[in-house]
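First, the structure itself, so that you have it in front of you.
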Amino acid sequence: MGNCWFKGSSYVNRVSSTAKSETPKIQSPSRRDRSDESKLPSNAREVEAMRLDSAAGRNPLTAFSFEELRKVTNGFRQDSLIGGGGFGRVYKGAVGGAGADEPPQQVAVKVHDGDNSFQGHREWLAEVIFLGQLSHQNLVKLVGYCCEGDHRVLVYEYMPLGSVESHLFSRVMAPLAWATRMKIALGAARGLAFLHEAEKPVIYRDFKTSNILLDGDFGAKLSDFGLAKDGPVGDMSHVSTRIMGTYGYAAPEYIMTGTSIPTKK
């Protein structure tokens, strides 16, 4: 869906009200029949019940109300807007910090753009399920979510240096040093290796520079798990019946065959 979650000191990366994913998806979820989505969880209680059934080890997630998220982003004001993509707009906010010894946590609040979004409830739920059970230093941390009425919101840790894409194509920032580029590449590779080598592997399906986010020390973290799915286990081969990804980034053999791993001859 493309992300850029930061405000630099010398510039601000803005998106227009009609901003969309920078590269077309192979199969845009907004153009698919969503009739089967009525069977998916439609409130926070049902989401937590699904997480309990699907995840052996669950990360603690906060189920926010939409009004809470409206407050922490100053009413989703323009000056809180830090980016956006195919899912919707992203706002900066802060949550927690009720006690004197607990400072507020800066977060990125990604709000679904309704019928104008390239992604829907199914992709939102995939993020909640996968990031609600996976934990690794090279995966972006999901803090919580909102599933209230028609509102679908994801709340992540705030990544102050934004996406790799914003650095590679910026006209105002100095080019990344090669040592920094190698550090980013290694971090992204470790994130993918973690997904592929997990007890229950995960196929990421949307690996690109706009989905690699950077912390304050240029540590790379994979984001956007809306197109992710469970991978094959054991000797099972895996063939996807729905080819998903982004034009120009997905492997050509996957586009041609729909097979996510090489078939044995």
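The values are calculated or read from the model by the stated rules, or taken from the named source; none is laboratory data. Only a predicted model underlies this, so the values are computations on that prediction, with no experimental measurement involved. Glycine gets a Cβ as well: all are built from the backbone with ideal geometry, and neighbour counts include every protein chain shown.
Just one of (1) crowded, with 21+ Cβ neighbours inside 10 Å; (2) within 20 Å of GLN133 (Cα to Cα); (3) touching a residue at least 60 places away in the same chain (Cβ under 8 Å) trips up SER210, so point out which.
Here SER210 meets the rest and fails (2).
At pLDDT below 85 and part of a helix (DSSP H, G or I): does that describe ASP79?
no
Kindly establish whether ASP230 is surrounded by fewer than 17 Cβ atoms within 10 Å (Cβ to Cβ) and at pLDDT below 90.
Considered against the rule, which asks whether it is surrounded by fewer than 17 Cβ atoms within 10 Å (Cβ to Cβ) and at pLDDT below 90, ASP230 comes out as yes.
Now, a different point. Can you find even one residue in the range 41-53 that is out of contact with any helix residue (DSSP H, G or I) (no Cβ under 9 Å at 6 or more places or on another chain), at pLDDT 90 or above and not polar (S, T, N, Q)?
For the range 41-53, residues out of contact with any helix residue (DSSP H, G or I) (no Cβ under 9 Å at 6 or more places or on another chain), at pLDDT 90 or above and not polar (S, T, N, Q): absent.
Could you tell me how many of the residues in the range 82-106 are within 20 Å of GLU165 (Cα to Cα), modelled with pLDDT of 85 or more and not small (Gly, Ala, Ser)?
5
Restricting attention to the range 145-153, does a residue exist that is of a type outside the set (S, T, N, Q), closer than 14 Å to PHE64 by Cα, crowded, with 22+ Cβ neighbours inside 10 Å and more than 14 Å from the chain's Cα centre (by Cα)?
Yes, the range 145-153 has at least one match.
Ok, one more. Just to be sure before I move on: is ASN74 assigned to a loop (DSSP other than H, G, I, E, B), farther than 22 Å from LEU131 by Cα, modelled with pLDDT of 55 or more and polar (S, T, N, Q) in the structure I sent?
Details: assigned to a loop (DSSP other than H, G, I, E, B): yes; farther than 22 Å from LEU131 by Cα: yes; modelled with pLDDT of 55 or more: yes; polar (S, T, N, Q): yes.
It is true that ASN74 is assigned to a loop (DSSP other than H, G, I, E, B), farther than 22 Å from LEU131 by Cα, modelled with pLDDT of 55 or more and polar (S, T, N, Q).
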